[in-house]
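Student: What follows is a structure written as C-alpha cells; I'll ask about it next.
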Amino acid sequence: MSNLIPEGIYKSKASMVGIETTNSGKDFVSAEFCVEVDGAERGVEWRGWLTEKAMKRTIEQLRLMGWTGDDLYQLVRDGALKNEVNIDVRHEEYHSKVTARVSFINPPDADPAAVEKNRTALAARFKAMAKESKPVPVKKDAPVAVDTDEDLMF
C-alpha cells in the first residue's frame, strides 16, 4: 500500500499556516490540510508562491480559504483560514521522489466532477500546444549574464 494520499478532490480546511523560504530563496505561504484516507487522517501541503508572477493567484486562493486581511504575517494566526474548500491533490515528482501536494484550491461548492473534467481538458490543450512548439536550443558556450549590483546582500 502506498503512503501517498490518492490524487483527487477532497473537502478540507487548512489546519496550519506558515510563511517559509525554499533553499533557493523563494518565499511561499504553506498551508497544511488534513484529509481522511482509509479511516485515517493524513496531512497534505499547499504552497502559495510569493513571486511577482504568482502572488495574485496566491491571494485569490487564500481568499477562498477565508483570509480577510491584508497583512501577510497575520496569516499565521489561528483561524485566519477558516473556510472549508475543495483541495485538488496531485502527485509531484522532484529529485526522483514523489509526494502528494495540493495543486489547487477550489470553492467549497465546486463540483468535483466538473473540476476533474476541466483539468483533463486543460491538460489536453496544454499537451497539444506543447507539441506544436519547438524546444529552443541552448548554446554550450553562451555567455552568462552576471549581476554586478553592489547593493546585493549575501
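The values are calculated or read from the model by the stated rules, or taken from the named source; none is laboratory data. Please read all numbers here as calculations on a predicted model, not as lab measurements. No Cβ is skipped: glycine too gets one built from the backbone with ideal geometry, and neighbour counts run over all protein chains shown.
Student: Test Gly66 against the criterion of being in a loop (DSSP other than H, G, I, E, B) and either within 20 Å of Thr22 (Cβ to Cβ) or not hydrophobic (A, V, I, L, M, F, W, C) (or both), and give yes or no. Can you show your working first?
Tutor: On the way: in a loop (DSSP other than H, G, I, E, B): yes; either within 20 Å of Thr22 (Cβ to Cβ) or not hydrophobic (A, V, I, L, M, F, W, C) (or both): yes.
Answer is yes for this residue.
Student: I'd like to check something: does segment 117-130 contain any residue that is modelled with pLDDT under 90 and within 18 Å of Glu32 (Cα to Cα)?
Tutor: Restricting attention to segment 117-130, the residues satisfying the condition of being modelled with pLDDT under 90 are 117-130.
Narrowing further to those that are within 18 Å of Glu32 (Cα to Cα): none.
Scanning segment 117-130 turns up no residue that is modelled with pLDDT under 90 and within 18 Å of Glu32 (Cα to Cα).
Student: Residue pairs, Cβ under 8 Å, 6 or more apart or interchain, first in segment 106-132 and closer than 16 Å to Val89 by Cβ, second surrounded by 10 or more Cβ atoms within 10 Å (Cβ to Cβ) and modelled with pLDDT under 70. List them.
Tutor: Listed by first residue and then by second, the contacts come to Asn106/Val115.
Student: Tell me, please, whether a residue that is at pLDDT 75 or above, in contact with a strand residue (DSSP E or B) (Cβ under 7 Å, 6 or more places away or on another chain) and assigned to a loop (DSSP other than H, G, I, E, B) can be found in segment 92-103.
Tutor: Checked segment 92-103: no residue is at pLDDT 75 or above, in contact with a strand residue (DSSP E or B) (Cβ under 7 Å, 6 or more places away or on another chain) and assigned to a loop (DSSP other than H, G, I, E, B).
Student: So Gly48 fits all but one of (1) part of a strand (DSSP E or B); (2) small (Gly, Ala, Ser); (3) exposed (fewer than 13 other Cβ atoms within 10 Å of the Cβ); what number is the exception?
Tutor: (3)
Student: So which residues in segment 1-20 are exposed (fewer than 14 other Cβ atoms within 10 Å of the Cβ) and either of a type in the set (S, T, N, Q) or in contact with a Pro (Cβ under 6 Å, 6 or more places away or on another chain) (or both), if there are any at all?
Tutor: If the condition is that a residue be exposed (fewer than 14 other Cβ atoms within 10 Å of the Cβ) and either of a type in the set (S, T, N, Q) or in contact with a Pro (Cβ under 6 Å, 6 or more places away or on another chain) (or both), then Ser2, Asn3, Ser15 are the ones that fit.
Student: Right, next: If you scan segment 48-96, which residues turn out to be of a type outside the set (D, E, K, R) and touching a residue at least 60 places away in the same chain (Cβ under 8 Å)? So that I can check it myself, show each step before the final result.
Tutor: We begin by selecting, within segment 48-96, every residue of a type outside the set (D, E, K, R); these are 48-51, 54-55, 58-59, 61-62, 64-69, 72-76, 79-81, 83, 85-87, 89, 91, 94-96.
Matches in segment 48-96: Ala80, Leu81, Asn83, Val85, Asn86, Ile87, Val89, His91.
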